[in-house]
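One structure below.
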Amino acid sequence: MTVRGPVALARSGWTMFSCSFAALGLIWMPLVLLRQLDAFVAFLTPLQLLRDAALAYILLIIPAGLLAGTAAALRRLSTLIGMLPVKADLLAWSIALVPTLWVCIWQLAGSSWAWAKAVSGMGLSIGVHGRVLASALLLLCLLLLMRSMSLTGLTTFVVSHLVSLRRPAQLLFVLACLCIAIETPRFLLGSAGGHDPVAAQADVRPDIYLISIDTLAEPDARVCGAGPTLMPHLREFAQRASCFTRHYASANFTTPSTATMETGALPWNHWAVQIVAQVATPMQSGALAERLRDAGYETHSINANLLASPRHHGTGAGYDSHVIADSTSLGSKPREALTVFPDTTLPFWLSAIVPFLDTIDVYLHGEKHPYAAEYAYQAMLSLLDERSSAKPKFIWVHTLPPHDPYLPPPSTKYSLLQRGTLERWSEFIGMGPYPAAQQSWIDKYRLRYQESIMGADLALGELLRQLQARGRLANSLIIVTSDHGESFERGFLGHAGELIHNAVLQVPLVVKLPNQASSQQIDTPVSLADLAPTLVDLAGAKALPSTDGRSLRLALEGGALPAKPVFAMAMERQSRFQPLRAGHYAIIDGDFKLVLHLAEAHSELFNLRQDPHELTDLTASAPQLAASLRLRLQAALAQAELKRSAMFGTP
């Protein structure tokens with residue numbers, strides 16, 4: 001086809017669609033794959049990666065169609081109001097191409113920046129203002145380019161090259177459809193069967209409410225005991241419950257820890273260890289919700305963090321309903337929409353097509369957290385009010401604050417940090433390393449974080465009051481916990497990464513049995529892996545198929561809990577298809593904690609009672625204890641490697 005300029009092409013809506021689709025499919029999508037390829041190959045088989053890439057490619061017809069349709073409609077409107085056809089055609093092509101080229105160039109910049117950070121190993125960060133500046137520079141470059149070539153010349157140049165890509169793009173579309181026909185995602189096959197949500201007769205067993213508050217560090221919250229606390233409502237609730245003073249997450253970020261909450265397995269066995277990874281397929285069935293549903297419970301998930309969602313974990317089949325909590329975030333909308341593909345990595349592919357929305361959110365919301373806990377709690381209360389089933393209910397509700405951005409509600413803001421400092425989202429830097437010289441500034445971040453904890457406590461207190469008003473508080477089994485903590489020390493802000501110190505691992509755990517009126521404090525170290533075994537035990541459900549945790553029922557009923565080591569880990573760099581050679585692993589036994597940096601073959605020993613901030617390595621002064629704990633940790637790693645090899649094979 002001879003290209004005579006955009007005017008010759010604009011009257012074909014199909015051509016505009018084809019050019020947009022070619023740009024997204026052959027330019028943008030490879031850049032997305034390149035940026036995340038190392039994570040994908042670490043947990044997806046080649047066939048699964050090909051399946052997800054094919055599905056992502058097919059779905060690009062939606063944004064391409066929207067752009068082409070909008071452009072064609074605008075061109076028609078322009079001609080109706082008297083605009084010259086040449087100008088109308090040029091306007092239409094601009095509408096079709098400018099957003100397409102923008103996301104392609106933005107993705108190229110993002111992938112290049114990610115590559116630079118990986119190569120330098122310096123933890124580079126440009127922050128929110130840096131992204132805005134990058135956007136402004138990109139826009140300036142486009143304006144200069146249009147000035148030098150003219151808008152008509154630039155459009156003609158781009159269209160002529162994209163037209164030449166139409167045939168390859170169409171051929172790949174056909175191949176993608178064939179791939180999906182061969183390796184069909186589960187969600188396209190439909191459900192294997194349903195559950196009757198209504199019991200034949202009333203079931204007197206208690207409801208189970210699992211409330212997980214994201215990023216809630218126990219060293220900051222101080223829930224148990226009688227000293228100062230940031231969570232007076234949760235502490236008051238704990239006065240008629242069991243409060244665990246030494247409860248540890250299994251990992252330092254949401255995906256692996258919440259997967260442990262559902263399976264009772266540690267990350268080295270469930271293998272949801274990267275941010276986009278799902279629970280290993282053999283372990284997705286028979287998880288917590290499925291066991292409770294088989295025992296006669298209704299099962300519901302309400303979630304404000306997609307990384308904690310059963311749809312992300314691959315365990316969604318065990319739930320009668322899934323609710324993504326409301327949010328005022330623009331960036332959350334496309335991610336939420338893509339959760340309709342629960343057994344694929346699509347939410348992490350196509351959500352990158354609107355990356356600028358996240359930056360807009362920073363300025364749009366200003367001082368208001370877009371994922372307020374009240375949204376999730378209201379969804380929980382609405383579910384309880386609307387469901388009339390006689391079955392007992394299991395509801396897992398996961399809220400986001402005090403997760404960053406540290407934007408406390410007006411009721412708690414300025415309680416610890418004065419006005420004029422860190423008031424707006426745009427003032428916050430992202431998670432990651434920071435130099436020692438910035439510690440005094442990071443301490444201010446911690447104060448806003450602590451104010452956010454206070455706000456989360458207010459929201460939780462109102463939920464508990466509403467449950468009390470509905471007569472659902474006293475006779476229900478209620479658990480309040482978190483997936484991980486938050487670091488403002490050791491040169492690292494936030495969570496994830498390689499550090500597994502107390503700040504990111506120690507989280508609250510409060511468990512109230514039905515009709516419990518007295519309190520008890522339990523000081524024995526326990527793990528997030530113990531949660532699912534405890535719940536299935538208390539509910540009388542069938543035991544989990546594979547678990548590393550144990551039931552805490554004995555302790556909850558007043559007995560002495562036998563001592564058992566607790567394990568935690570950070571395994572983002574470890575592939576499930578390779579022998580265990582990377583990652584950072586901890587064993588906590590009594591007062592002592594040993595951390596093993598596997599790739600470096602280096603370990604550290606700490607006394608948590610005397611040194612809760614883990615500042616003094618005791619390896620040299622207590623070599624026998626260090627050697628003993630290291631041998632026990634290595635033995636556990638060897639067992640995990642045997643299971644990994646049996647599940648995935650060894651290259």
In the stretch 266-292, how many are of a type in the set (Lys, Arg) and part of a loop (DSSP other than H, G, I, E, B)? 0
Restricting attention to the stretch 599-626, which residues are under 20 Å from Ala570 (Cβ atoms), assigned to a loop (DSSP other than H, G, I, E, B) and not hydrophobic (A, V, I, L, M, F, W, C)? Glu600, Pro612, His613, Glu614, Asp617, Thr619
Return yes when Ser191 is at pLDDT below 70, polar (S, T, N, Q) and outside the structural domain of Arg51 (by TED's automatic domain parsing) and no when it is not. yes
Filter the stretch 296-333 down to the residues that are in a loop (DSSP other than H, G, I, E, B) and among the hydrophobic types (A, V, I, L, M, F, W, C) and list them by number. Ala304, Ala325, Leu330
Would you mind finding the one in Ala635, Ala563, Ala586, Ala555 that is under 20 Å from Ala529 (Cα atoms), assigned to a strand (DSSP E or B) and small (Gly, Ala, Ser)? Ala586
If we scan the stretch 430-448, do we find a residue that is touching a Pro at 6+ places or on another chain (Cβ under 9 Å), in a strand (DSSP E or B) and buried (at least 16 other Cβ atoms within 10 Å of the Cβ)? no
What number of residues within the stretch 223-238 are in a loop (DSSP other than H, G, I, E, B) and either under 25 Å from the mean Cα position of the chain (by Cα) or hydrophobic (A, V, I, L, M, F, W, C) (or both)? 5
Mind checking whether some residue in the stretch 585-607 is among the basic types (Lys, Arg) and more than 22 Å from Val504 (Cα to Cα)? no
For the condition at pLDDT 95 or above, over 13 Å from His369 (Cα atoms) and either out of contact with any Phe, Trp or Tyr (no Cβ under 9 Å at 6 or more places or on another chain) or not basic (Lys, Arg) (or both), what is the one hit in Ser415, Ser452? Ser415
Looking only at helices (runs of 4 or more DSSP H) that fall completely inside the stretch 336-409, which ones have 2 or more residues that are surrounded by 23 or more Cβ atoms within 10 Å (Cβ to Cβ), in contact (Cβ under 8 Å) with a residue 60 or more places away in the chain and assigned by TED's automatic domain parsing to the domain that holds Ile211? 346-350, 373-386
Do the conditions hold for Ser309, that is, is it polar (S, T, N, Q) and at pLDDT 90 or above? yes
Collect the residues in the stretch 548-560 that are hydrophobic (A, V, I, L, M, F, W, C) and surrounded by fewer than 23 Cβ atoms within 10 Å (Cβ to Cβ), keeping them in residue-number order. Leu554, Ala555, Leu556, Ala560
Check whether at least one residue in the stretch 635-644 is among the aliphatic types (A, V, I, L, M) and more than 19 Å from Pro565 (Cα to Cα), and report yes or no. yes
Can you confirm whether the stretch 478-488 contains a residue that is in the same structural domain as Ser382 (by TED's automatic domain parsing), buried (at least 18 other Cβ atoms within 10 Å of the Cβ), out of contact with any strand residue (DSSP E or B) (no Cβ under 9 Å at 6 or more places or on another chain) and not small (Gly, Ala, Ser)? yes
Tally of residues being surrounded by 17 or more Cβ atoms within 10 Å (Cβ to Cβ) and in contact with a Pro (Cβ under 6 Å, 6 or more places away or on another chain) across the stretch 507-524: 0
Please give the number of the condition Pro545 fails out of (1) surrounded by 22 or more Cβ atoms within 10 Å (Cβ to Cβ); (2) within 30 Å of the chain's Cα centre (by Cα); (3) not assigned by TED's automatic domain parsing to the domain that holds Ile208. (1)
Residues to consider are Ala638, Ala622, Ala626, Ala599; find the one that is under 24 Å from Val273 (Cα atoms), outside the structural domain of Thr260 (by TED's automatic domain parsing) and touching a residue at least 12 places away in the same chain (Cβ under 8 Å). Ala599
Starting from residues that are in a loop (DSSP other than H, G, I, E, B) and of a type in the set (S, T, N, Q), keep the ones in the stretch 529-551 and report whichever is modelled with the highest pLDDT. Ser551
When the stretch 256-304 is checked residue by residue, the ones that are modelled with pLDDT of 95 or more and of a type in the set (Ser, Thr, Tyr) are Ser257, Thr258, Thr260, Thr263, Tyr297, Thr299, Ser301
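The values are calculated or read from the model by the stated rules, or taken from the named source; none is laboratory data. As the structure is a computational prediction, the values presented were derived from the model and not from experiment. Neighbour counts run over all protein chains shown; Cβ positions are idealised from the backbone, glycine included.
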